[in-house]
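Student: Dumping the structure here so I can ask a few things about it.
The values are calculated or read from the model by the stated rules, or taken from the named source; none is laboratory data. Since this is a predicted model, take the numbers as computed values, not measurements. Please note: Cβ atoms are built from the backbone with ideal geometry, for glycine as well, and neighbour counts cover all protein chains shown.
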Amino acid sequence: MKKTVRSVVIRLCMAAVPLMVAAPAARAQHLDPLPVPAVSTDTLMKHIVELSSDTYQGRLSGTRGHERAMAYVGRVLEGYGMKVEQQQFPIECNEVENCKFNIYTPGSKERRYFTLGNEFCCAGMTGRGYVDAQMVFVGYGVDNSIFNEYKGVDVQGKIAVVMTGTPEWLPASVADQYTQLRDKARTAERHGAIGMLAINVSPSCLSYEPQNRIYCGELPHLGTFPILQLTMDCGRELLTTEAVDLDAAIQAIASQRTCSFALLKKAEIDVNAIYRSRARTANVLGRLEGSDRTLRREVIVVGASLDGPGLQGETTLFPGADINASGVAAVLEVARILSQSGYSPKRSVLFVLFSGGEQQWLGSREFLAQYSKLNNVEAFLNVQNIGGGDSLVVLGDNRYPTLWEICHSHDTASDRQYMAHNAEKTNPRGDARAFDNRHIPSLVITTLNGLQHNHVSTDIWENIDRSILTKASQLLLETAAELADGRYQGRSPKSKGNRY
């Protein structure tokens, strides 16, 4: 049967029914899950406002700001009566203390100074150092036998100017080698370049917004090779009055022609960054013990990434209100209700706030590597980026249709239908991908068209859509409550028999 959301008062009144009718009531509850109260929008927003404040400095993993965020969620979970622990692990961390960037034409006294956080930001894993040199535009920075953008130009001792991404027509086998900024930077360095400017041509942000992404590709780190990421508007200004402007260059490359040339302008870059290859960070875990003597050994994991894009310089803050303080708030609210509302789940529920989400979801992989009782994990519910967009989407129906249907049944209760209809079945992603790789049934609750403030400084709590935040959190709560109630059958014996 589909579950309906009733008030706490009704549930408490039902608990007072005389013992003589206990048997029929128990059977009815087996068919219809125990009701749970509604989530509190005010409580959700309290967590988001807190975690996106200056105190936490954007919650970059490995920094003091992130440590404060870990302490905050730990205190909240302990306040709900849970046993809290941490899973520590090393992580790559790069703190940009300051960066200056300007361009000029040789022989001219005028310089164009750009502002960190307004027109550009540093790549998450930029190298430190000072360079003053001519710029050379090399398209997407591809150096391959079928498409070589370094052919015919000299970048020795110069600054390579590239665009993010790769041409759409480039075969995936080639494009995959130039997806990340470190891939492009290593290629440029191999050709003798001493720094790189990457023009952000991604449609995922506005042309005037600097977009800060921490993950830049695999090691090794280029410690003394500065990498800046420019807005598209800034990139257009760079190529103004040059041989080819930016839009014309994009069109030329789209027609499978190289468009590489030396600029008349020079650039001066000065980056001060503190890089640590093995900074310390941790996942924060809070366990709510199940009430059933047998089922309490089984665990439902509810989790979200805690870290964010961080801070550059003293003023360029990437608050991460939607990415992903919104998901953290939902996890904490589910923890509050399941532990304090009188609802007593039969299975244990493990609430996990992952570190390293900005670095290919490292925290979820570390959780699975360190958690000693993976065979007891019956399902994973992940929530991310639920503070904006036009509708909810639950990813994972292609791999785990039974689990997805449980979530969907709550969505259609009382004709709410928060979830968008998606004809194409999906697989788990983000933090849930590692769980899926271990054959642990997983779902991701997120939003459609909700990345208006994706890794930019406008990702502030004032831009959170409270309505969709509340709907997503309620759906997470009701799904988690049913999975923990004991009727969900859990993983197959075959799944638990796998060894890793």
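Student: In the set 97, 78, 92, which member is more than 30 Å from residue 314 (Cα to Cα) and of a type in the set (Asp, Glu)?
Tutor: 78
Student: Anything in region 377-391 that is in a strand (DSSP E or B) and surrounded by 21 or more Cβ atoms within 10 Å (Cβ to Cβ)? List them, or say none.
Tutor: 377, 378, 379, 380, 381, 382, 383
Student: Before we move on, is residue 250 touching a residue at least 40 places away in the same chain (Cβ under 8 Å) and either outside any helix (DSSP H, G or I) or more than 30 Å from the chain's Cα centre (by Cα) (or both)?
Tutor: no
Student: Looking at (1) in contact with a helix residue (DSSP H, G or I) (Cβ under 6 Å, 6 or more places away or on another chain); (2) within 21 Å of residue 249 (Cα to Cα); (3) buried (at least 23 other Cβ atoms within 10 Å of the Cβ), find the lone condition where residue 159 falls short.
Tutor: The single condition residue 159 does not satisfy is (1).
Student: Oh, and also: Could you say which residue among 293, 278 is in contact (Cβ under 8 Å) with a residue 40 or more places away in the chain and either in a loop (DSSP other than H, G, I, E, B) or over 25 Å from residue 446 (Cβ atoms) (or both)?
Tutor: 278
Student: Moving to a separate point now. Quick check on my filter: what residues within region 281-290 are over 18 Å from residue 67 (Cα atoms) and assigned to a strand (DSSP E or B)?
Tutor: 287, 288
Student: I've got another one for you. Which of the numbered conditions does residue 432 fail, given that it passes all the others? Conditions: (1) assigned to a helix (DSSP H, G or I); (2) surrounded by fewer than 24 Cβ atoms within 10 Å (Cβ to Cβ).
Tutor: Here residue 432 meets the rest and fails (2).
Student: Confirm whether residue 451 is at pLDDT below 95, out of contact with any strand residue (DSSP E or B) (no Cβ under 9 Å at 6 or more places or on another chain) and in the same structural domain as residue 315 (by TED's automatic domain parsing).
Tutor: Yes, satisfied.
Student: May I pose another question? Go through region 253-275 and report how many residues are more than 34 Å from the chain's Cα centre (by Cα) and either without any contact (Cβ under 8 Å) to a residue 24 or more places away in the chain or at positive phi (or both).
Tutor: Number of matching residues: 1.
Student: Sticking with this structure for a sec: Would you mind telling me which numbered condition in (1) within 25 Å of residue 483 (Cβ to Cβ); (2) hydrophobic (A, V, I, L, M, F, W, C); (3) more than 15 Å from the chain's Cα centre (by Cα) residue 432 fails?
Tutor: Answer for residue 432: the failing condition is (3).
Student: Of the residues 285, 206, 228, which single one is over 27 Å from residue 157 (Cα atoms), crowded, with 18+ Cβ neighbours inside 10 Å and either assigned by TED's automatic domain parsing to the domain that holds residue 156 or out of contact with any Gly (no Cβ under 6 Å at 6 or more places or on another chain) (or both)?
Tutor: Just one listed residue meets the conditions, 285.
Student: Limited to region 455-469, what total is found for residues that are surrounded by fewer than 21 Cβ atoms within 10 Å (Cβ to Cβ) and either among the hydroxyl-bearing types (Ser, Thr, Tyr) or in a loop (DSSP other than H, G, I, E, B) (or both)?
Tutor: 4
Student: Can you name the residue in region 173-223 that is of a type in the set (Lys, Arg) and under 25 Å from the mean Cα position of the chain (by Cα) and, of all such residues, is farthest from residue 311 (Cα to Cα)?
Tutor: Of everything passing the filter in region 173-223, 184 is farthest from residue 311 (Cα to Cα).
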